[in-house]
Amino acid sequence: MPTIGVAKSLLRQCCNLTETEVKDQLSYSGQLTLNLTSPDGAIIGCAVRRNLQARQPVYVSVGHRVSLATACDIVHGCCLHRIPEPIRQADILARAAARL
């Protein structure tokens, strides 16, 4: 089964940039995505924002049987809000169940 990794915050140990630097580079470049590299130069993920006005990206990594480009396209297509809709709906349902 293909999988994709999505996170709201950047895992600091894995990337050469801080979250602030990622946000600044996305704003400056005018791009919706920014490849993230490890200290040894390998591309390990991508920062994706919903539109050019969005300040907060989500961080995408490949999972199983999905390329990084495809993972970023899928995440971007699922974002009605900042968080991809399947994850957002699961979070809403889990919070509602926790209140019971």
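The values are calculated or read from the model by the stated rules, or taken from the named source; none is laboratory data. Since the model is a prediction, treat every value here as computed from it, not as a measurement. Cβ atoms come from the backbone with ideal geometry, glycine included; neighbour counts cover every protein chain shown. With ligands, DNA and RNA removed, areas are computed over all heavy atoms of the protein, side chains included. Shrake-Rupley method; radii C 1.70, N 1.55, O 1.52, S 1.80 Å.
Residue pairs whose Cβ atoms lie under 7 Å apart, sitting 6 or more positions apart in sequence or on different chains, and linking a residue in segment 13-40 that is acidic (Asp, Glu) to a partner that is modelled with pLDDT under 95, are GLU19/SER9; GLU19/LEU10.
Total residues in segment 1-35 satisfying the condition of being under 14 Å from the mean Cα position of the chain (by Cα) and closer than 14 Å to ALA71 by Cα: the figure is 9. Among residues of segment 80-92 being within 10 Å of the chain's Cα centre (by Cα) and under 20 Å from SER27 (Cα atoms), the one that is surrounded by the fewest Cβ atoms within 10 Å (Cβ to Cβ) is ARG82. Beta carbons closer than 9 Å, at least 6 apart along the sequence or on distinct chains, never pair a first residue in segment 84-99 that is in a helix (DSSP H, G or I) with a second that is polar (S, T, N, Q) and open to solvent by 70 Å² or more (accessible area, probe 1.4 Å). Criterion first (surrounded by fewer than 17 Cβ atoms within 10 Å (Cβ to Cβ) and of a type outside the set (A, V, I, L, M)) does GLY30 satisfy it? The answer is yes for GLY30. Of the residues making up segment 40-77, those that are under 18 Å from GLU21 (Cβ atoms), open to solvent by less than 10 Å² (accessible area, probe 1.4 Å) and among the hydrophobic types (A, V, I, L, M, F, W, C) are CYS46, ALA47, VAL48, VAL58, VAL60.
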